[in-house]
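All remarks here apply to the structure that follows.
What follows is calculated from the coordinates using simple rules that are stated; it is not laboratory data. All of these numbers come straight from a predicted model, not from anything done at the bench. Cβ atoms come from the backbone with ideal geometry, glycine included; neighbour counts cover every protein chain shown.
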Amino acid sequence: MLDFSLPIVAETYDGYLNDINGFHIKEEHVFEALDNAKGSDSLIQEGNVGGGTGMISFGFKAGTGTSSRKIDGLNYTIGVLVQSNFGRKKQLIITGVPVGEELLKIEKNNTSIPDEDAGSIIVIVATNTPLLPHQLKRLATRMSLGIGKVGGIGADLSGDIFLAFSTANVSNPSSTTGAIEFLLNNQMTLLFEATIQCVEEAIVNAMIAAENMSGHNGIRLEAISHKLLIEILRKYKRIDERQ
């Protein structure tokens, strides 16, 4: 029996900032990205990296974001990666605060970027929790709740892609039989909560880590102002005044 995995490819539209018809990505760029995706002991890159380079969320520069949780009482971890590319500015919510509405009182929308409900997001959830296929599907359905917590509404033209997988239960290719371990369903709520929290946090991280970017056709997109965001969160007492 061959020991191999099938790759999965997904995309979100970056045509506002990227000259998508220029075909600038070459073979060497693909292998460079794959080599850099192997991971290291350093901090994970977020924001304007990889497929997140041309992403826009809630009228601001966004990109790639990550988050993770250790599950209380269980020796398992949930990790989430998002490629965030959705949302209107007025919809943005962070820690329950209507940040988008507050920002619109201070600044105007970027008129070069369409302010519309259409958009997309890729959410990947990885865990070392032993789960059966139907349990992973249940986990995937909770990802949309995390998107909703930041103001996403899953618009008609939203291209939302969710994928959940487990690294547990690795089979032995030389064996003709195998045993499967799985988490009992009455423990799944802990995973649901962690997934929702991670998706919400990963989207925010994608925006916080992003930097201003100038794209083709003279389009310039600003990242969310950290200074203004902190002021708004302080106003709603989400941040200690002493910080």
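Couple of notes before you dig in:
- Using only the C-alpha atoms, the convex hull of the range 157-243 corresponds to 265 Å³ per residue.
- Unit charges on C-beta of K, R, D, E only; dipole of the range 167-243, Debye: 340 debye
- Rg and Dmax of the range 90-212, Cα atoms only, in Å: 18.6, 65
- For the range 214-229, Karplus couplings with θ = phi - 60° (6.51, -1.76, 1.60), whole Hz, Gly/Pro x: 9, x, 6, 6, x, 6, 10, 10, 8, 6, 4, 6, 4, 4, 5, 4
- Whole-number Å³ per residue for the convex hull built on Cα positions in the range 57-105: 76 Å³
- Beta bridge orientation in the chain: antiparallel %, DSSP, nearest 5: 70 percent
- Sorting M188, M207 by the number of Cβ atoms found within 10 Å of their own Cβ, with the fewest placed first, yields M188, M207.
- The base-10 log of I(q)/I(0) for the chain, evaluated at q = 0.12, 0.13, 0.18 Å⁻¹, reads -0.75, -0.87, -1.43 [Debye formula, identical scatterers on Cα atoms, solvent excluded].
- Mean projection area, nm², convex hull over Cα of the range 49-158: 8.3 nm²
- Sorted by Cβ neighbour density within 10 Å, fewest at the top, the residues V199, V150, V49, V30: V30, V49, V150, V199
- Separation of alpha-carbon centers, the range 201-243 and the range 49-66, rounded to whole Å: 12 Å
- Label-point separation in nm, E231 to F31, each point 7 Å along Cα→Cβ: 5.0 nm
- Distance histogram for the range 100-154 (every C-alpha pair counted, 10 angstrom bins, percent rounded to whole numbers): 17, 36, 26, 14, 7
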